[in-house]
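Notes to accompany the following structure.
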Amino acid sequence: MAGNGIFAEILDGDVFKYYADGEWKKSNSGKSVPIVNPTTRRTHYKVQACSQEEVNKVMEAAKAAQKLWAKTPLWKRAELLHKAAAILKEHKAPIAECLVKEIAKPAKDAVTEVIRSGDLVSYCAEEGVRILGEGKFLVSDSFPGNERTKYCLTSKIPLGVVLAIPPFNYPVNLAVSKIAPALIAGNSLVLKPPTQGAVAALHMVHCFHLAGFPKGLISCVTGKGSEIGDFLTMHPAVNCISFTGGDTGISISKKAGMIPLQMELGGKDACIVLEDADLDLVAANIIKGGFSYSGQRCTAVKVVLVMESVADSLVEKVKAKVVKLTVGPPEESCDITPVVSESSANFIEGLVMDAKQKGATFCQEYRREGNLIWPLLLDNVRPDMRIAWEEPFGPVLPVIRIGSVEEGIHHCNASNFGLQGCVFTKDINKAMLISDAMETGTVQINSAPARGPDHFPFQGFKDSGIGSQGVTNSINMMTKVKSTVINLPSPSYTMG
Ligand code: G3H
(Lines give C-alpha, C1' and ligand atoms only; values in the text may rest on other atoms or scores of the structure.)
Protein backbone atom coordinates (compact mmCIF):
# COMPACT_ATOMS: atom_id res chain seq x y z
CA MET A 1 0.00 0.00 0.00
CA ALA A 2 1.14 3.52 -0.78
CA GLY A 3 2.67 5.30 2.22
CA ASN A 4 2.98 2.05 4.19
CA GLY A 5 5.69 -0.40 5.17
CA ILE A 6 9.07 0.93 4.08
CA PHE A 7 7.28 3.99 2.72
CA ALA A 8 5.66 4.97 6.04
CA GLU A 9 8.26 7.66 6.74
CA ILE A 10 7.33 9.62 3.62
CA LEU A 11 3.82 10.28 4.93
CA ASP A 12 2.74 12.79 7.60
CA GLY A 13 -0.93 12.31 8.48
CA ASP A 14 -2.60 12.46 5.10
CA VAL A 15 0.05 14.60 3.38
CA PHE A 16 3.13 13.15 1.69
CA LYS A 17 6.40 14.83 2.68
CA TYR A 18 8.96 16.30 0.33
CA TYR A 19 12.59 15.14 0.21
CA ALA A 20 15.52 17.42 0.94
CA ASP A 21 18.96 17.07 2.48
CA GLY A 22 18.51 13.32 2.79
CA GLU A 23 15.35 13.65 4.90
CA TRP A 24 11.58 13.56 4.48
CA LYS A 25 10.16 16.93 5.52
CA LYS A 26 6.99 18.91 6.05
CA SER A 27 6.85 22.25 4.31
CA ASN A 28 6.92 25.37 6.46
CA SER A 29 4.22 26.80 4.20
CA GLY A 30 1.70 24.69 6.14
CA LYS A 31 -0.09 24.22 2.82
CA SER A 32 -0.69 21.16 0.72
CA VAL A 33 -1.65 20.45 -2.87
CA PRO A 34 -4.51 18.01 -3.52
CA ILE A 35 -4.13 15.27 -6.10
CA VAL A 36 -7.40 14.35 -7.76
CA ASN A 37 -8.02 10.76 -8.79
CA PRO A 38 -9.09 10.94 -12.46
CA THR A 39 -11.52 8.06 -11.99
CA THR A 40 -13.39 9.23 -8.90
CA ARG A 41 -12.64 12.94 -9.49
CA ARG A 42 -12.06 13.24 -5.74
CA THR A 43 -8.92 14.18 -3.84
CA HIS A 44 -6.96 10.97 -3.33
CA TYR A 45 -3.59 12.15 -2.03
CA LYS A 46 -2.02 15.39 -0.82
CA VAL A 47 1.55 16.62 -1.15
CA GLN A 48 3.47 19.46 0.46
CA ALA A 49 3.25 22.91 -1.14
CA CYS A 50 6.93 23.82 -0.89
CA SER A 51 7.95 27.46 -0.67
CA GLN A 52 10.60 29.38 -2.61
CA GLU A 53 12.70 29.51 0.56
CA GLU A 54 12.65 25.71 0.71
CA VAL A 55 13.68 25.56 -2.96
CA ASN A 56 16.64 27.82 -2.12
CA LYS A 57 17.74 25.42 0.64
CA VAL A 58 17.41 22.44 -1.66
CA MET A 59 19.58 24.16 -4.27
CA GLU A 60 22.26 25.03 -1.69
CA ALA A 61 22.36 21.40 -0.52
CA ALA A 62 22.43 20.15 -4.11
CA LYS A 63 25.40 22.36 -4.93
CA ALA A 64 27.36 21.21 -1.90
CA ALA A 65 26.54 17.53 -2.36
CA GLN A 66 27.51 17.64 -6.03
CA LYS A 67 31.06 18.73 -5.23
CA LEU A 68 31.63 15.58 -3.18
CA TRP A 69 29.70 13.32 -5.55
CA ALA A 70 31.90 14.38 -8.47
CA LYS A 71 34.82 12.99 -6.46
CA THR A 72 33.08 9.67 -5.87
CA PRO A 73 34.55 6.94 -8.10
CA LEU A 74 32.44 6.09 -11.11
CA TRP A 75 32.11 2.44 -10.10
CA LYS A 76 30.69 3.50 -6.72
CA ARG A 77 28.13 5.78 -8.37
CA ALA A 78 27.11 2.84 -10.59
CA GLU A 79 26.90 0.51 -7.60
CA LEU A 80 24.42 2.82 -5.83
CA LEU A 81 22.31 3.14 -8.97
CA HIS A 82 22.13 -0.65 -9.30
CA LYS A 83 21.03 -0.82 -5.67
CA ALA A 84 18.30 1.79 -6.22
CA ALA A 85 17.10 -0.09 -9.32
CA ALA A 86 16.78 -3.31 -7.34
CA ILE A 87 14.83 -1.61 -4.51
CA LEU A 88 12.56 0.08 -7.04
CA LYS A 89 11.71 -3.20 -8.75
CA GLU A 90 11.24 -4.99 -5.44
CA HIS A 91 8.67 -2.37 -4.38
CA LYS A 92 6.86 -2.07 -7.67
CA ALA A 93 3.42 -2.84 -6.22
CA PRO A 94 2.87 0.26 -4.03
CA ILE A 95 4.41 2.53 -6.66
CA ALA A 96 2.17 1.06 -9.36
CA GLU A 97 -0.79 1.57 -7.05
CA CYS A 98 -0.01 5.30 -6.93
CA LEU A 99 0.09 5.42 -10.74
CA VAL A 100 -3.34 3.79 -10.87
CA LYS A 101 -4.84 6.27 -8.39
CA GLU A 102 -3.10 9.46 -9.51
CA ILE A 103 -3.06 9.17 -13.28
CA ALA A 104 -5.49 6.29 -13.97
CA LYS A 105 -2.78 4.23 -15.61
CA PRO A 106 -4.09 0.67 -16.20
CA ALA A 107 -2.75 -1.53 -13.38
CA LYS A 108 -0.74 -3.83 -15.65
CA ASP A 109 0.89 -0.86 -17.43
CA ALA A 110 1.65 0.77 -14.09
CA VAL A 111 3.66 -2.26 -12.99
CA THR A 112 5.43 -2.30 -16.35
CA GLU A 113 6.39 1.35 -15.91
CA VAL A 114 8.13 0.64 -12.61
CA ILE A 115 9.98 -2.43 -13.91
CA ARG A 116 11.04 -0.56 -17.05
CA SER A 117 12.31 2.22 -14.81
CA GLY A 118 14.45 -0.13 -12.73
CA ASP A 119 15.90 -1.59 -15.93
CA LEU A 120 16.63 1.91 -17.22
CA VAL A 121 18.50 2.85 -14.04
CA SER A 122 20.65 -0.30 -14.23
CA TYR A 123 21.35 0.15 -17.93
CA CYS A 124 22.34 3.74 -17.29
CA ALA A 125 24.78 2.68 -14.57
CA GLU A 126 26.42 0.22 -16.97
CA GLU A 127 26.50 2.61 -19.90
CA GLY A 128 27.89 5.37 -17.70
CA VAL A 129 30.75 3.17 -16.55
CA ARG A 130 31.57 2.46 -20.19
CA ILE A 131 31.26 5.90 -21.78
CA LEU A 132 32.43 8.07 -18.91
CA GLY A 133 35.48 5.89 -18.43
CA GLU A 134 36.75 7.00 -21.82
CA GLY A 135 38.03 10.31 -23.11
CA LYS A 136 39.94 11.47 -26.17
CA PHE A 137 43.57 11.99 -26.96
CA LEU A 138 44.35 14.40 -29.82
CA VAL A 139 47.67 15.47 -31.29
CA SER A 140 48.31 18.87 -32.83
CA ASP A 141 50.02 17.96 -36.12
CA SER A 142 46.79 16.96 -37.83
CA PHE A 143 45.86 20.66 -38.09
CA PRO A 144 47.68 22.71 -40.79
CA GLY A 145 50.66 24.69 -39.57
CA ASN A 146 51.22 22.62 -36.43
CA GLU A 147 54.02 20.34 -35.38
CA ARG A 148 53.39 17.54 -32.92
CA THR A 149 54.02 19.71 -29.91
CA LYS A 150 50.65 19.58 -28.20
CA TYR A 151 48.79 16.65 -26.71
CA CYS A 152 45.14 17.28 -25.87
CA LEU A 153 43.36 15.08 -23.33
CA THR A 154 39.58 15.43 -23.11
CA SER A 155 37.21 13.96 -20.58
CA LYS A 156 33.55 14.41 -19.68
CA ILE A 157 32.85 16.19 -16.43
CA PRO A 158 29.54 16.92 -14.65
CA LEU A 159 27.50 20.06 -15.24
CA GLY A 160 26.54 20.61 -11.59
CA VAL A 161 22.88 20.70 -10.53
CA VAL A 162 20.37 19.13 -12.93
CA LEU A 163 16.70 20.07 -12.62
CA ALA A 164 14.38 17.28 -13.78
CA ILE A 165 10.73 17.94 -14.62
CA PRO A 166 8.88 14.85 -15.85
CA PRO A 167 5.25 14.78 -17.10
CA PHE A 168 2.14 13.20 -15.60
CA ASN A 169 1.99 10.28 -18.05
CA TYR A 170 5.27 8.66 -16.94
CA PRO A 171 6.02 10.26 -13.55
CA VAL A 172 8.36 7.42 -12.60
CA ASN A 173 9.94 6.37 -15.88
CA LEU A 174 10.48 9.84 -17.29
CA ALA A 175 11.83 10.91 -13.90
CA VAL A 176 14.44 8.16 -13.72
CA SER A 177 15.35 8.74 -17.37
CA LYS A 178 16.65 12.11 -16.12
CA ILE A 179 17.81 11.14 -12.62
CA ALA A 180 20.00 8.16 -13.53
CA PRO A 181 22.06 9.86 -16.29
CA ALA A 182 22.47 12.96 -14.14
CA LEU A 183 23.77 10.96 -11.17
CA ILE A 184 26.07 8.58 -13.03
CA ALA A 185 27.65 11.60 -14.70
CA GLY A 186 28.44 13.13 -11.30
CA ASN A 187 25.66 15.72 -11.07
CA SER A 188 23.22 16.35 -8.27
CA LEU A 189 19.55 16.22 -9.06
CA VAL A 190 16.50 18.26 -8.08
CA LEU A 191 13.21 16.69 -9.09
CA LYS A 192 9.97 18.62 -9.51
CA PRO A 193 7.37 15.93 -10.21
CA PRO A 194 4.07 16.70 -11.93
CA THR A 195 1.25 17.23 -9.43
CA GLN A 196 -0.58 14.15 -10.70
CA GLY A 197 2.10 11.52 -10.38
CA ALA A 198 3.88 13.26 -7.50
CA VAL A 199 3.13 10.53 -4.98
CA ALA A 200 4.44 7.80 -7.28
CA ALA A 201 7.55 9.94 -7.81
CA LEU A 202 8.04 10.42 -4.05
CA HIS A 203 7.89 6.64 -3.56
CA MET A 204 10.46 6.20 -6.33
CA VAL A 205 12.72 8.79 -4.71
CA HIS A 206 12.48 6.89 -1.42
CA CYS A 207 14.00 3.88 -3.21
CA PHE A 208 17.02 6.06 -4.05
CA HIS A 209 17.09 7.24 -0.42
CA LEU A 210 17.12 3.64 0.81
CA ALA A 211 19.93 2.81 -1.60
CA GLY A 212 22.10 5.22 0.42
CA PHE A 213 22.90 8.14 -1.87
CA PRO A 214 24.60 11.03 -0.03
CA LYS A 215 22.49 13.70 1.68
CA GLY A 216 21.39 16.55 -0.57
CA LEU A 217 22.41 14.82 -3.78
CA ILE A 218 18.81 14.03 -4.73
CA SER A 219 15.87 16.22 -3.73
CA CYS A 220 12.23 16.18 -4.62
CA VAL A 221 10.16 19.33 -4.18
CA THR A 222 6.42 19.29 -4.63
CA GLY A 223 4.12 22.25 -4.94
CA LYS A 224 2.23 24.53 -7.20
CA GLY A 225 3.83 25.42 -10.53
CA SER A 226 2.50 28.94 -10.09
CA GLU A 227 4.53 29.36 -6.86
CA ILE A 228 7.74 27.44 -7.49
CA GLY A 229 7.72 26.64 -11.23
CA ASP A 230 9.49 29.70 -12.62
CA PHE A 231 11.51 30.00 -9.43
CA LEU A 232 12.97 26.55 -10.02
CA THR A 233 13.58 26.87 -13.75
CA MET A 234 15.19 30.31 -13.41
CA HIS A 235 17.16 29.47 -10.27
CA PRO A 236 20.81 30.56 -10.59
CA ALA A 237 22.03 27.28 -9.05
CA VAL A 238 20.54 25.18 -11.85
CA ASN A 239 23.08 24.13 -14.49
CA CYS A 240 20.84 22.00 -16.73
CA ILE A 241 17.12 21.40 -17.21
CA SER A 242 15.61 18.18 -18.52
CA PHE A 243 11.89 18.68 -19.12
CA THR A 244 9.19 16.51 -20.64
CA GLY A 245 5.70 17.89 -21.02
CA GLY A 246 3.61 20.32 -23.00
CA ASP A 247 4.34 23.73 -24.44
CA THR A 248 5.32 25.03 -20.99
CA GLY A 249 8.70 23.79 -22.19
CA ILE A 250 8.81 26.54 -24.80
CA SER A 251 8.44 29.24 -22.14
CA ILE A 252 10.99 27.47 -19.90
CA SER A 253 13.46 27.52 -22.82
CA LYS A 254 12.96 31.25 -23.25
CA LYS A 255 13.52 32.01 -19.57
CA ALA A 256 16.19 29.48 -18.65
CA GLY A 257 19.31 31.35 -19.71
CA MET A 258 22.63 29.93 -20.84
CA ILE A 259 22.37 26.36 -19.63
CA PRO A 260 21.97 23.07 -21.55
CA LEU A 261 18.34 22.09 -22.06
CA GLN A 262 16.76 18.78 -22.91
CA MET A 263 13.11 19.24 -23.91
CA GLU A 264 10.46 16.86 -25.12
CA LEU A 265 7.19 18.66 -25.73
CA GLY A 266 4.74 16.33 -27.40
CA GLY A 267 3.93 15.32 -30.92
CA LYS A 268 1.35 14.76 -33.61
CA ASP A 269 2.79 11.49 -34.84
CA ALA A 270 1.59 10.58 -38.32
CA CYS A 271 1.02 7.05 -39.53
CA ILE A 272 1.40 6.92 -43.32
CA VAL A 273 -0.17 3.83 -44.87
CA LEU A 274 0.75 2.84 -48.42
CA GLU A 275 -1.31 0.69 -50.78
CA ASP A 276 0.92 -2.37 -50.36
CA ALA A 277 0.88 -2.30 -46.54
CA ASP A 278 -0.11 -5.34 -44.49
CA LEU A 279 -3.40 -3.88 -43.27
CA ASP A 280 -3.78 -6.33 -40.38
CA LEU A 281 -0.39 -5.26 -39.10
CA VAL A 282 -1.35 -1.60 -39.57
CA ALA A 283 -4.65 -2.01 -37.74
CA ALA A 284 -2.96 -3.74 -34.79
CA ASN A 285 -0.38 -0.95 -34.58
CA ILE A 286 -3.00 1.78 -34.84
CA ILE A 287 -4.82 0.26 -31.89
CA LYS A 288 -1.64 -0.10 -29.85
CA GLY A 289 -0.16 3.19 -30.98
CA GLY A 290 -3.32 5.28 -30.88
CA PHE A 291 -5.20 3.94 -27.88
CA SER A 292 -2.74 2.55 -25.32
CA TYR A 293 -2.96 4.54 -22.09
CA SER A 294 -5.99 6.17 -23.74
CA GLY A 295 -3.80 8.04 -26.23
CA GLN A 296 -1.99 9.96 -23.46
CA ARG A 297 1.50 9.38 -24.83
CA CYS A 298 3.54 11.92 -26.69
CA THR A 299 4.44 9.14 -29.14
CA ALA A 300 0.86 8.01 -29.71
CA VAL A 301 -0.30 7.68 -33.31
CA LYS A 302 -2.21 10.97 -33.57
CA VAL A 303 -3.19 11.04 -37.23
CA VAL A 304 -3.57 8.23 -39.79
CA LEU A 305 -2.77 9.25 -43.38
CA VAL A 306 -3.98 6.38 -45.53
CA MET A 307 -4.03 5.96 -49.30
CA GLU A 308 -7.62 6.28 -50.49
CA SER A 309 -7.59 2.91 -52.28
CA VAL A 310 -7.04 0.96 -49.03
CA ALA A 311 -8.77 3.36 -46.62
CA ASP A 312 -12.17 1.59 -46.48
CA SER A 313 -10.55 -1.72 -45.77
CA LEU A 314 -8.23 -0.30 -43.09
CA VAL A 315 -10.99 1.65 -41.35
CA GLU A 316 -13.13 -1.52 -41.18
CA LYS A 317 -10.25 -3.47 -39.62
CA VAL A 318 -9.56 -0.76 -37.04
CA LYS A 319 -13.26 -0.42 -36.22
CA ALA A 320 -13.45 -4.15 -35.56
CA LYS A 321 -10.62 -3.83 -33.05
CA VAL A 322 -11.91 -0.65 -31.40
CA VAL A 323 -15.13 -2.42 -30.31
CA LYS A 324 -13.01 -4.99 -28.52
CA LEU A 325 -11.19 -2.41 -26.38
CA THR A 326 -12.30 -2.59 -22.76
CA VAL A 327 -13.38 0.71 -21.21
CA GLY A 328 -13.45 1.33 -17.47
CA PRO A 329 -11.40 1.68 -14.29
CA PRO A 330 -7.60 1.43 -14.27
CA GLU A 331 -7.79 -0.98 -11.31
CA GLU A 332 -9.25 -3.56 -13.73
CA SER A 333 -6.51 -2.90 -16.28
CA CYS A 334 -9.05 -1.73 -18.83
CA ASP A 335 -7.57 -0.62 -22.16
CA ILE A 336 -9.30 2.75 -22.01
CA THR A 337 -9.33 4.51 -18.64
CA PRO A 338 -10.33 8.04 -17.59
CA VAL A 339 -8.12 10.78 -18.98
CA VAL A 340 -6.04 12.66 -16.45
CA SER A 341 -8.35 15.59 -15.68
CA GLU A 342 -11.65 17.19 -16.40
CA SER A 343 -9.98 20.03 -18.30
CA SER A 344 -8.21 17.46 -20.48
CA ALA A 345 -11.52 15.67 -21.15
CA ASN A 346 -13.15 19.02 -22.02
CA PHE A 347 -10.32 19.84 -24.43
CA ILE A 348 -10.69 16.47 -26.17
CA GLU A 349 -14.43 17.00 -26.40
CA GLY A 350 -13.84 20.39 -28.00
CA LEU A 351 -11.77 18.75 -30.77
CA VAL A 352 -14.44 16.09 -31.29
CA MET A 353 -17.25 18.66 -31.54
CA ASP A 354 -15.25 20.76 -34.00
CA ALA A 355 -14.74 17.67 -36.20
CA LYS A 356 -18.46 16.83 -35.93
CA GLN A 357 -19.51 20.30 -36.95
CA LYS A 358 -17.16 20.21 -39.94
CA GLY A 359 -18.44 16.84 -41.18
CA ALA A 360 -16.03 14.10 -40.01
CA THR A 361 -17.42 10.55 -40.12
CA PHE A 362 -17.87 9.12 -36.62
CA CYS A 363 -17.00 5.40 -36.72
CA GLN A 364 -18.41 5.05 -33.19
CA GLU A 365 -20.85 7.14 -31.23
CA TYR A 366 -19.10 9.78 -29.09
CA ARG A 367 -19.51 8.83 -25.45
CA ARG A 368 -18.16 10.40 -22.26
CA GLU A 369 -18.83 9.88 -18.55
CA GLY A 370 -16.83 12.21 -16.29
CA ASN A 371 -13.22 11.89 -17.43
CA LEU A 372 -13.85 8.60 -19.21
CA ILE A 373 -14.04 8.96 -22.99
CA TRP A 374 -14.84 5.92 -25.13
CA PRO A 375 -12.38 5.23 -27.98
CA LEU A 376 -13.32 7.07 -31.13
CA LEU A 377 -12.10 6.80 -34.70
CA LEU A 378 -12.91 9.79 -36.90
CA ASP A 379 -12.82 9.07 -40.62
CA ASN A 380 -12.77 11.56 -43.51
CA VAL A 381 -11.03 14.19 -41.41
CA ARG A 382 -9.96 17.21 -43.44
CA PRO A 383 -7.16 19.73 -42.86
CA ASP A 384 -9.63 22.45 -41.82
CA MET A 385 -10.50 20.46 -38.69
CA ARG A 386 -8.59 21.16 -35.47
CA ILE A 387 -8.09 17.44 -34.82
CA ALA A 388 -6.02 17.23 -38.03
CA TRP A 389 -3.31 19.31 -36.29
CA GLU A 390 -3.81 19.43 -32.53
CA GLU A 391 -2.89 16.59 -30.17
CA PRO A 392 -5.93 15.41 -28.22
CA PHE A 393 -3.91 13.40 -25.67
CA GLY A 394 -6.96 11.19 -25.46
CA PRO A 395 -8.55 8.13 -27.11
CA VAL A 396 -9.65 9.93 -30.28
CA LEU A 397 -7.92 9.23 -33.58
CA PRO A 398 -8.42 11.04 -36.89
CA VAL A 399 -8.07 9.37 -40.29
CA ILE A 400 -7.21 11.51 -43.30
CA ARG A 401 -7.52 9.88 -46.72
CA ILE A 402 -4.70 10.82 -49.08
CA GLY A 403 -4.38 10.59 -52.86
CA SER A 404 -0.59 10.36 -52.92
CA VAL A 405 2.35 9.65 -50.65
CA GLU A 406 3.51 13.25 -51.20
CA GLU A 407 0.23 14.48 -49.72
CA GLY A 408 0.90 12.39 -46.60
CA ILE A 409 4.45 13.66 -46.25
CA HIS A 410 3.24 17.22 -46.79
CA HIS A 411 0.67 16.88 -43.98
CA CYS A 412 3.25 15.39 -41.65
CA ASN A 413 5.77 18.15 -42.37
CA ALA A 414 3.22 20.98 -42.17
CA SER A 415 2.73 20.17 -38.45
CA ASN A 416 4.43 22.31 -35.80
CA PHE A 417 5.43 19.05 -34.17
CA GLY A 418 8.12 16.63 -35.32
CA LEU A 419 8.49 13.91 -32.70
CA GLN A 420 8.02 10.56 -34.41
CA GLY A 421 6.10 9.15 -37.35
CA CYS A 422 5.61 5.78 -38.97
CA VAL A 423 5.21 4.34 -42.41
CA PHE A 424 3.66 1.04 -43.40
CA THR A 425 4.73 -0.57 -46.68
CA LYS A 426 6.36 -3.80 -47.86
CA ASP A 427 8.75 -1.79 -50.05
CA ILE A 428 11.85 -0.93 -47.99
CA ASN A 429 13.14 1.42 -50.68
CA LYS A 430 9.97 3.50 -50.56
CA ALA A 431 10.01 3.35 -46.75
CA MET A 432 13.53 4.76 -46.65
CA LEU A 433 12.66 7.61 -49.03
CA ILE A 434 9.60 8.49 -46.98
CA SER A 435 11.56 8.27 -43.73
CA ASP A 436 14.14 10.69 -45.11
CA ALA A 437 11.41 13.07 -46.23
CA MET A 438 9.57 13.14 -42.89
CA GLU A 439 10.71 15.98 -40.62
CA THR A 440 10.50 14.01 -37.38
CA GLY A 441 13.09 12.89 -34.86
CA THR A 442 12.34 9.21 -35.51
CA VAL A 443 10.46 7.28 -38.18
CA GLN A 444 9.34 3.74 -37.44
CA ILE A 445 9.00 1.43 -40.42
CA ASN A 446 6.13 -1.04 -40.05
CA SER A 447 5.52 -0.31 -36.36
CA ALA A 448 3.81 2.34 -34.26
CA PRO A 449 5.91 5.17 -32.82
CA ALA A 450 7.48 4.51 -29.42
CA ARG A 451 10.31 5.86 -27.32
CA GLY A 452 11.61 2.51 -26.21
CA PRO A 453 13.75 0.53 -25.90
CA ASP A 454 14.93 3.25 -23.55
CA HIS A 455 18.53 3.26 -24.78
CA PHE A 456 17.49 4.30 -28.30
CA PRO A 457 18.04 7.97 -29.18
CA PHE A 458 14.78 9.89 -28.71
CA GLN A 459 14.39 13.40 -30.04
CA GLY A 460 11.82 15.77 -31.43
CA PHE A 461 12.19 18.39 -34.13
CA LYS A 462 10.46 21.78 -34.26
CA ASP A 463 8.02 22.34 -31.35
CA SER A 464 8.53 18.73 -30.22
CA GLY A 465 11.73 19.60 -28.44
CA ILE A 466 15.43 20.15 -28.34
CA GLY A 467 18.27 17.77 -27.63
CA SER A 468 18.24 14.02 -27.82
CA GLN A 469 17.40 11.56 -25.05
CA GLY A 470 17.98 7.85 -24.66
CA VAL A 471 20.48 6.60 -22.10
CA THR A 472 23.74 7.43 -23.90
CA ASN A 473 22.61 10.77 -25.26
CA SER A 474 21.26 11.86 -21.88
CA ILE A 475 24.50 10.99 -20.10
CA ASN A 476 26.49 12.93 -22.70
CA MET A 477 24.09 15.84 -22.53
CA MET A 478 24.51 16.06 -18.76
CA THR A 479 28.27 16.45 -19.01
CA LYS A 480 30.61 19.02 -20.47
CA VAL A 481 33.93 18.40 -22.17
CA LYS A 482 37.08 19.38 -20.30
CA SER A 483 40.43 19.51 -22.10
CA THR A 484 43.94 19.49 -20.71
CA VAL A 485 46.69 20.32 -23.23
CA ILE A 486 50.25 19.19 -22.65
CA ASN A 487 52.63 21.56 -24.45
CA LEU A 488 55.99 20.08 -25.38
CA PRO A 489 59.18 22.13 -25.85
CA SER A 490 59.90 20.37 -29.14
CA PRO A 491 57.94 18.16 -31.56
CA SER A 492 57.63 14.55 -30.45
CA TYR A 493 56.66 11.81 -32.91
CA THR A 494 55.78 8.25 -31.94
CA MET A 495 58.65 5.83 -32.59
CA GLY A 496 60.97 8.42 -33.60
O1 G3H B 1 4.79 10.57 -23.49
C2 G3H B 1 5.95 10.58 -23.87
C3 G3H B 1 6.80 9.42 -23.73
O4 G3H B 1 8.15 9.76 -23.93
C5 G3H B 1 6.38 8.28 -24.64
O6 G3H B 1 7.00 7.13 -24.24
O7 G3H B 1 6.70 5.78 -26.31
O8 G3H B 1 7.34 4.71 -24.15
O9 G3H B 1 5.04 5.63 -24.50
P10 G3H B 1 6.50 5.74 -24.83
Amide H of Leu372: which non-local residues (sequence gap of 5 or more, or other chain) have their own amide H closer than 5 Å, using H built in the peptide plane?
Val339
Counting only protein heavy atoms, what percent of the accessible surface of the range 270-445 is carbon or sulfur at a 1.4 Å probe?
52 percent
Quick one: of the DSSP bridges fully inside the range 270-445, what percent are antiparallel, nearest 5?
15 percent
Please list, by residue number, every one of the trypsin sites (Lys or Arg not before Pro) in the range 119-205 that is coil in DSSP and has at most 12 other beta-carbon atoms within 10 Å.
none
Candidate lysines - alpha carbon under 19 Å from Lys46, same-chain residues fewer than 8 apart omitted
Lys17, Lys25, Lys26, Lys31, Lys101, Lys105, Lys192, Lys224
The chain, accessible area per residue, ligands and nucleic acids excluded (1.4 Å, Å²):
41 Å²
The chain, relative contact order in percent, only Cα pairs under 8 angstrom and at least six apart counted
18 percent
Express the relative contact order of the range 5-265 as a whole percentage, based on alpha carbon pairs under 8 Å and six or more residues apart in sequence.
25 percent
Quick note, the range 1-138: a/c under 1.5 would make it rounded; otherwise a/b > b/c is prolate and the rest oblate (a ≥ b ≥ c, C-alpha gyration tensor); here it is oblate
Along the range 83-92, what does the Karplus equation 6.51 cos²θ - 1.76 cosθ + 1.60 (θ = phi - 60°) give for ³J(HN,Hα), rounded to whole Hz, x for Gly and Pro?
5, 4, 4, 5, 5, 4, 5, 5, 10, 5
About its Cα centre, how strong a charge dipole does the chain have in debye, to the nearest 20, once Lys and Arg get +1 and Asp and Glu get -1 at the Cβ?
1440 debye
Roughly how much of Ile445 is accessible, in Å² to the nearest 10, using a 1.4 Å probe?
60 Å²
At 1.4 Å probe size, with no ligands or nucleic acids counted, give the accessible surface of Trp75 in Å², nearest ten.
150 Å²
Carbon plus sulfur, as percent of the 1.4 Å-probe accessible area of the range 5-265, comes to 55 percent
Name the lysines eligible as straight-distance cross-link partners of Lys482: C-alpha to C-alpha under 28 Å, and not fewer than 8 places from it in the same chain.
Lys63, Lys67, Lys71, Lys76, Lys136, Lys150, Lys156, Lys178, Lys215, Lys254, Lys255
Which order do Val485, Val303 take when ranked by solvent-accessible area (1.4 Å probe, heavy atoms of all protein chains), largest first?
Val485, Val303
May I ask which residue of Asn371, Asn285, Ile184 lies farthest towards the positive end of the charge dipole of the chain, with charges of +1 (Lys, Arg) and -1 (Asp, Glu) on Cβ and the Cα centre as origin?
Ile184
Among rounded, prolate and oblate, which fits the chain when a ≥ b ≥ c are the square roots of the eigenvalues of its C-alpha gyration tensor, a/c under 1.5 means rounded, and a/b larger than b/c means prolate?
oblate
Three-way shape label, the range 270-445, alpha-carbon gyration tensor, a/c 1.5
prolate
What percent do you get for the relative contact order of the range 402-444 when only Cα pairs under 8 Å and 6+ apart count?
46 percent
For the range 270-445, size of Cβ-based charge dipole, Lys and Arg +1, Asp and Glu -1, in debye
200 debye
Rounded to the nearest 10 Å², what accessible area does Asp119 have for a 1.4 Å probe in the complete protein model?
80 Å²
In nm, spacing of pseudo-spin labels at Arg130 and Asn416 (7 Å Cα→C-beta vector):
3.9 nm
Per the helix-only calculation at 222 nm, which mean residue ellipticity applies to the chain, given -39500 (n - 2.57) for every DSSP H run of n ≥ 4 and division by its residues, nearest 500 deg cm²/dmol?
-11500 deg cm²/dmol
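The values are calculated or read from the model by the stated rules, or taken from the named source; none is laboratory data. Not measured: the values here are computed from a predicted model. With ideal geometry, Cβ positions are generated from the backbone for all residues, glycine too; neighbour counts draw on all protein chains shown. SASA here: full protein model, heavy atoms, side chains in, ligands and nucleic acids out. Shrake-Rupley method; radii C 1.70, N 1.55, O 1.52, S 1.80 Å.
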